[in-house]
1. Looking at E340, E332, which is the one that is surrounded by fewer than 13 Cβ atoms within 10 Å (Cβ to Cβ) and more than 21 Å from G475 (Cβ to Cβ)?
2. I need a count of the residues in the range 434-457 that are under 26 Å from K42 (Cα atoms) and either in contact with a Cys (Cβ under 6 Å, 6 or more places away or on another chain) or surrounded by 19 or more Cβ atoms within 10 Å (Cβ to Cβ) (or both).
3. Name the single residue that is farthest from the chain's Cα centre (by Cα) among those in the range 497-512 being modelled with pLDDT under 95 and of a type in the set (D, E).
4. Could you go through the range 174-181 and let me know if any residue there is farther than 26 Å from K106 by Cα and of a type in the set (D, E, K, R).
5. With respect to the numbered conditions (1) touching a residue at least 60 places away in the same chain (Cβ under 8 Å); (2) within 26 Å of Y359 (Cα to Cα); (3) not assigned by TED's automatic domain parsing to the domain that holds I390; (4) not small (G, A, S), which one is the sole condition not fulfilled by D501?
6. Touching a residue at least 12 places away in the same chain (Cβ under 8 Å), within 30 Å of F456 (Cβ to Cβ) and among the charged types (D, E, K, R), is that true of R120?
7. Given the structure, is A275 surrounded by fewer than 20 Cβ atoms within 10 Å (Cβ to Cβ), closer than 25 Å to M410 by Cβ and not assigned by TED's automatic domain parsing to the domain that holds N402?
8. Among V358, V372, which is on the phi < 0 side of the Ramachandran plot, in the same structural domain as K431 (by TED's automatic domain parsing), among the aliphatic types (A, V, I, L, M) and buried (at least 18 other Cβ atoms within 10 Å of the Cβ)?
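The values are calculated or read from the model by the stated rules, or taken from the named source; none is laboratory data. These numbers come from a predicted model, not from an experiment. Every residue, glycine among them, receives a Cβ derived from its backbone with ideal geometry; neighbour counts consider all protein chains shown.
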Amino acid sequence: MRKACFIVALILTFGFNSSFAQTLDVEWGGLTDLEKKTQFDKVAGQDGDKYYLVRVEKEKPLERSRVWLESISKTTNGVDGSYELTLPEVYNKKTVYENLFYLNEKLILFVAVLDNIKQRRNLYAYHIDEDGTTKGEALFLGSIPIIGNTGSLYNYTLTPDKKKIIIEYNNPFTTYTGEPFVFKVIDSDLKLVEKKEFQMPYLKRQFDVMKYERGESGDYYFALRLHPAKSRRASRPGQAVKYEFKMMVFNMKRDSFLIYPITMTKFTPRTMTFALDDEENVIIFGQGTKRSAPAIAAVFYQKLNPKIEKFEVKAFRDFSKDRAFLAEFQLERNGTGPGEWFSYTPGEILFLHSAGIVYLTEQHYVTTRKIVDPKTKEETSVYYHNYGDILAVSVDDDNQMNWHTKVPKMQFSTNDNGYYSSYAATVDVNKIKLIFNDNQKNFGRVPYAKIKEVKFNVSLAPSGQAALATIYSDGNVDKAEMFQKSDRRVNVCPRLFIEHDGQFFIYGQERSDFKFGNFFFE
């Protein structure tokens, strides 16, 4: 027993190495004061000379926020232009902001008209200049119901070649009654390239579309999670809900769905995600549990070849006998119970240059607290966002799952939707690079159980320190301070991380000031 405890202690203490990590040589632009109560929301797009960012007001719903468009020079790392957008009117009706893209050197603005009489949200697209001036006629794209205060229910993605925009929408439902899932593909000239409506083959069922993609072939791919019937739902405290998972492929030539159940031997799937490889095989990963228990006991990997309509690989990585690894989930730093310990995202899939694959999934859960004003009795909700460890699992060139590891972190924020939390990941040949904000005390040889929390608050400047972690091809991990000593107070925003032809561009914030930089991985 003592020997086992000693081995666990060694793993927890030395499993995370920082002896070989190096800080980055970043070329920074000038430091600029960030306008109070605003923040950069997204990267709209880029070309060889510049990239565009969208800036909005903090703590405001997007449709009630002022919106700015910022042009950033890749040469100087400075702001070339900053314009507050004046949203256009459509048929003399005011619009609200939806989204903005920069595609093929054209700025495309999406706005919505809120028809409060018919309770409809009508979507339009415009070409605009940098100052927000509209060019040409509006393109009508769809109409969906206004549902309470939920905001927009339109979804936007890019095609794999990054040359077209996919707009998806459907009427919300609880039990499915045949509501169409509408997909519209437009090019940078605002021409409707394709329109497709799907009726899912699960009438009178409750389900979630966890992810969808449109392949280069034009076929559509869906990951579905089907809820159990009421009579089969978990009834005991701590018992996990047993969902069904399906991979659905809509073959455009056949004009029909092919449905593939996602199952595991020995385990029960609890979540899934997928990506398409260069040959448009469907690469599927997810987490598994034992006997519908909440604990993550395995990660599965499956490779579906839609051309021959068969799974070529079905494998899983079993953690259930790795006591030291399982013990890490249940430490006090990871939450108060199974619902928080094992709350991991469906994850993302990264393809290495050697044809290997790495699956990443991150602990994330949200807790809330109600605060009542003793005088007015007005109730306010406070949201606490918790972003924990990153779990990584490897698949080698021979489709063998050969290692698993964790990158420890502990991020906590209040009312900011995790703006400075989570991470950005990219492939560096056969390594994975992870960028995230950390506590300054977490560099060096820190025991896993002693990892310190870094806290963020929407009303305060960030107080963490940027970290760069590297996951090597053998599963070893190291971490270093991302920036030089002079920039130790600079925090990053993972959602604003940009890559172009091996060069990386990053947004850094130091107290109430910000700057942009670029770098290469050596």
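1. Numbers: E340 fails: surrounded by fewer than 13 Cβ atoms within 10 Å (Cβ to Cβ).
The conditions single out E332.
2. Of the residues in the range 434-457, 8 are under 26 Å from K42 (Cα atoms) and either in contact with a Cys (Cβ under 6 Å, 6 or more places away or on another chain) or surrounded by 19 or more Cβ atoms within 10 Å (Cβ to Cβ) (or both).
3. Within the range 497-512, the match that is farthest from the chain's Cα centre (by Cα) is E510.
4. First, the residues of the range 174-181 that are farther than 26 Å from K106 by Cα: 174-181.
Now narrow it down to the ones that are of a type in the set (D, E, K, R): 179.
Yes, because at least one residue in the range 174-181 is farther than 26 Å from K106 by Cα and of a type in the set (D, E, K, R).
5. (1)
6. On the way: touching a residue at least 12 places away in the same chain (Cβ under 8 Å): yes; within 30 Å of F456 (Cβ to Cβ): no; among the charged types (D, E, K, R): yes.
When the stated conditions are applied, R120 does not pass them.
7. Working: surrounded by fewer than 20 Cβ atoms within 10 Å (Cβ to Cβ): yes; closer than 25 Å to M410 by Cβ: no; not assigned by TED's automatic domain parsing to the domain that holds N402: yes.
In short, no.
8. On the way: V372 fails: buried (at least 18 other Cβ atoms within 10 Å of the Cβ).
Just a single option satisfies the conditions, and that option is V358.
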